[in-house]
Structures are given as structure tokens and as C-alpha cells.
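A quick write-up on the structure given underneath.
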Amino acid sequence: MTRLRFVTRFCAALAAFWLPVIACSASGDGNGNTTRNGEGGQSATGAGAGSSSSSGGDDFGGDIGLTSSGPGGGPPADAGHQTTCDDEGNCTCINIASIGHEGVWGPCSSDSTTALQNWLNTQSTAQVDNYNREKPTLTPEFLAKYDVILLQWMVTKGAQNDDGQPWQFTPDEVKALEDWVNGGGGLIALSGYQCNGQGCMIHDVTATNQLLSFADIQFNADGVLDPARTGCPNCNCWGGPVPLGGSLPGSVGTWNQDTPIGKDIRSVGAYIARSIKSTTATVDCTDGTNNFAVHKEVGKGHVVAYGDEWVTYSGQWLGTAACLNPQMYMDPNSPCYERSASQVFQISQFWYNAIKYAASSVECFTIEDPAIIN
């Protein structure tokens, strides 16, 4: 298990959250290291393959700035969550578990997710445990350590073009997760990690659907938001994905501004996503036929499902990738002028919304970030 340290400074008085919020004193059990795997993404030069791993050690080049408003300028306190700080001033109040491999495709088909991890690691008073190589056992004791659980690519291999087999959870584990959510836990599920060829086997929905069975939310085994099918003349500007929402060329669907997940999001990039079915969840993003993001209150807890993993890639956060020429964003004659991923997508807003909603039972954090609308 690789633990990611998040140093975000949030205000106690505001119930606004930015990242997965989890139990204050989590010391995760189980095994896991941070590896990221995804579908064959299309970059500015076309589809390809690549892989990466991350432990959250690289610098994040973003401009997210968080300030503490606790007593004496220190971290805020929250009922039921003890804030602790080390000698360097890194404070922890909540804990998150990321379960499953992370994606490895993204822009240039060889991207990582270090920007997301560093956004969390350096600007949050949360702490994340990654379980990405070996499946943890979901017991009440394990789950009690966390406020938010992020479900990712839960397969045995998690390599490019090779999922391996889906992880299998017992009925007792599913029931433990259900009880945890009903008691106030926050669950965020992603999908769409791999597979867009004819006849390929889609494995990333199997374990996730098993764990979501109690919530009446399921991912379909499909491949929507494929730029080869939808047509996207300038998708190379932001590394290949279809703009989900907004008015960019080739954009698809709309984000519902009246929901906690869709609010203040115009567009994010998505590539080979899974559509979502539910008879009771609120739809946050849809094209009228396919639902791409939904949320639901379950007991005292909250569940968020989003059909793609491109919101985790560094190239989408930073707007940079090895195959993308930064000059095209500065040339007024270029169709990509001022259209890098970081300029046209609201990735940080998506995560802020999702985590704020999922972690609504915890009120010890808020975030100050000019890119985020509270």
C-alpha cells in the first residue's frame, strides 16, 4: 500500500470540500502500490500505448492555493475528526482509500496521474491510502478508517491492453460497503480505463458494478465518447479526448448546473467512457441518450459515478504532454490557440464538486483556489 499525503488547507466553518475526505487517523491495511492504467488514448499524433506509475512525488505545476483558517492560522477542527500536524506543518484531518489501478493512457498515450496526486498531496489536509496491486478485504474495520473511497480499475494486471481478470468481492464485502455508505461514507467510482477495439473484453465495470449493486447504479459495458465515432476536428489540441459538455468543436452532452456534481462545470475531456444506468440516481451529465455522470444519496452517505478516467491524467490537469507543441496555444492563427486542456476543461472543479458531495459528512475543510467556484 502506498500512502499519499495531502496537505490542503480548508476552513472549518465552510462545508465546502475539495478532495476525498476520510477518517482522520487512517493507517491503511492491505497491499497496494500506485500504478495507473487506461484505455488506448488518442493523442495529437494518434492512439498508442504507454504506462506509468506514481507515488505522488513530482511537483505539481498548477496554481491551486489553499489557506488555513483555523485558530491562530492553523488547521481547522471538526467534530469527530482530529487534526494532526507533523514538524513540517503538514496537517491531516481526513482519510481516503483509492482502490484499484490507475489509468496509463491519456494524452500521448503514455501519461501519468501525478498531477492529480500532487494536487492532493500538497494542498490538502487529507491522507490517501492506495490499494492498487492487491485487493484489500472490505471489512467494517477497514472501511471505518475512511471517509471517502475512490473505486478505480479493479483488475489483476492493470496493464495496457491487458486487464487480467476482475477482482472478486464476497457478498459480505459488498454488504460491509453498503453499511458503510449508509452510515455516512462517500463513494466515488470511475470507469472507462481501457478497451475500444471491436470484440475487446471490457473488465473495468465488473468489480465496480458488483460493489455498486446496492446503490442502483451500474456502468454499461460500452465505449461511448470515442472521437473516431463522434467526430472531433480539434481534439488534438487537448490531447485527444472528446469535450464532454461545452461548446468546443466536437463537444458532446451537457453538465447539469442544478446538481452538486455538474455545477460550474462547462466541459471536461473524456475518451472511451462507459455510460451509466440507474432508475433512481440524479443525472449530472448526459447527451440525452447516454448518462455519463450521476450521483445518489444512500442512507446518510453519498455515491458518485463517472464513466471515464481522463479526469485523473496529468496532461489534462496541466495542459502539457510530450506530443503537444506549446507553441500552438500561443499562435493566434492556430486552431489550438488558447485551447490547451488546462484552458478549456474544468478538471479541478469536477474533483472539488465530486469530493465535496461525497464527503459531505465531514466539515473540517474548504479550499481557496481561483480556478474553483465554491
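Observations on the model:
- So residue 128, is it part of a strand (DSSP E or B), within 24 Å of residue 261 (Cβ to Cβ) and not acidic (Asp, Glu): yes
- Flag if residue 240 is buried (at least 23 other Cβ atoms within 10 Å of the Cβ), closer than 14 Å to residue 307 by Cα, in contact (Cβ under 8 Å) with a residue 12 or more places away in the chain and not basic (Lys, Arg): no
- Of everything listed in (1) closer than 24 Å to residue 98 by Cβ; (2) crowded, with 20+ Cβ neighbours inside 10 Å; (3) over 17 Å from the mean Cα position of the chain (by Cα), the single unmet condition for residue 193 is (3).
- Here residue 231 meets the list (1) over 24 Å from residue 360 (Cα atoms); (2) buried (at least 19 other Cβ atoms within 10 Å of the Cβ); (3) not hydroxyl-bearing (Ser, Thr, Tyr) almost entirely, failing just condition (2).
- Taking the criterion of being assigned to a loop (DSSP other than H, G, I, E, B) and of a type in the set (S, T, N, Q), the residues of the stretch 272-304 that qualify are 275, 278, 279, 280, 289, 290.
- Residue check, residue 269 crowded, with 24+ Cβ neighbours inside 10 Å and outside any loop (DSSP other than H, G, I, E, B): yes
- Qualifying residue in the stretch 135-146 (condition: in contact with a strand residue (DSSP E or B) (Cβ under 7 Å, 6 or more places away or on another chain), modelled with pLDDT of 95 or more and at negative phi): yes
- Within the stretch 258-278, the set of residues being over 18 Å from residue 340 (Cβ atoms) and either β-branched (Val, Ile, Thr) or modelled with pLDDT under 95 (or both) comprises 259, 261, 272, 276.
- Scanning the stretch 147-174 for residues that are assigned to a strand (DSSP E or B), modelled with pLDDT under 95 and within 12 Å of residue 101 (Cβ to Cβ) yields a total of 2.
- Criterion: buried (at least 23 other Cβ atoms within 10 Å of the Cβ), in contact with a Lys or Arg (Cβ under 9 Å, 6 or more places away or on another chain) and either in contact (Cβ under 8 Å) with a residue 12 or more places away in the chain or within 21 Å of residue 273 (Cβ to Cβ) (or both) - qualifying residue of 148, 128, 155: 128
- Pairing residues of the stretch 338-356 that are without any contact (Cβ under 8 Å) to a residue 24 or more places away in the chain and at negative phi with residues that are of a type outside the set (Gly, Ala, Ser) and in a helix (DSSP H, G or I), at Cβ distances under 6 Å and at least 6 apart in sequence or on separate chains, gives no pairs at all.
- Among the residues examined, residue 274 does not qualify as over 19 Å from the mean Cα position of the chain (by Cα) and within 24 Å of residue 160 (Cα to Cα).
- Residues (under 21 Å from residue 188 (Cβ atoms) and at pLDDT below 65) located in the stretch 81-98: 81
- Residue match in the stretch 323-333 (condition: in contact with a strand residue (DSSP E or B) (Cβ under 9 Å, 6 or more places away or on another chain) and either crowded, with 22+ Cβ neighbours inside 10 Å or outside any loop (DSSP other than H, G, I, E, B) (or both)): yes
- Qualifying residue in the stretch 311-322 (condition: surrounded by fewer than 19 Cβ atoms within 10 Å (Cβ to Cβ) and more than 24 Å from residue 152 (Cα to Cα)): yes
The values are calculated or read from the model by the stated rules, or taken from the named source; none is laboratory data. Remember, it's a predicted structure, so these values are computed and weren't measured experimentally. We place every Cβ from the backbone using ideal geometry, glycine too, and count neighbours over all the protein chains shown.
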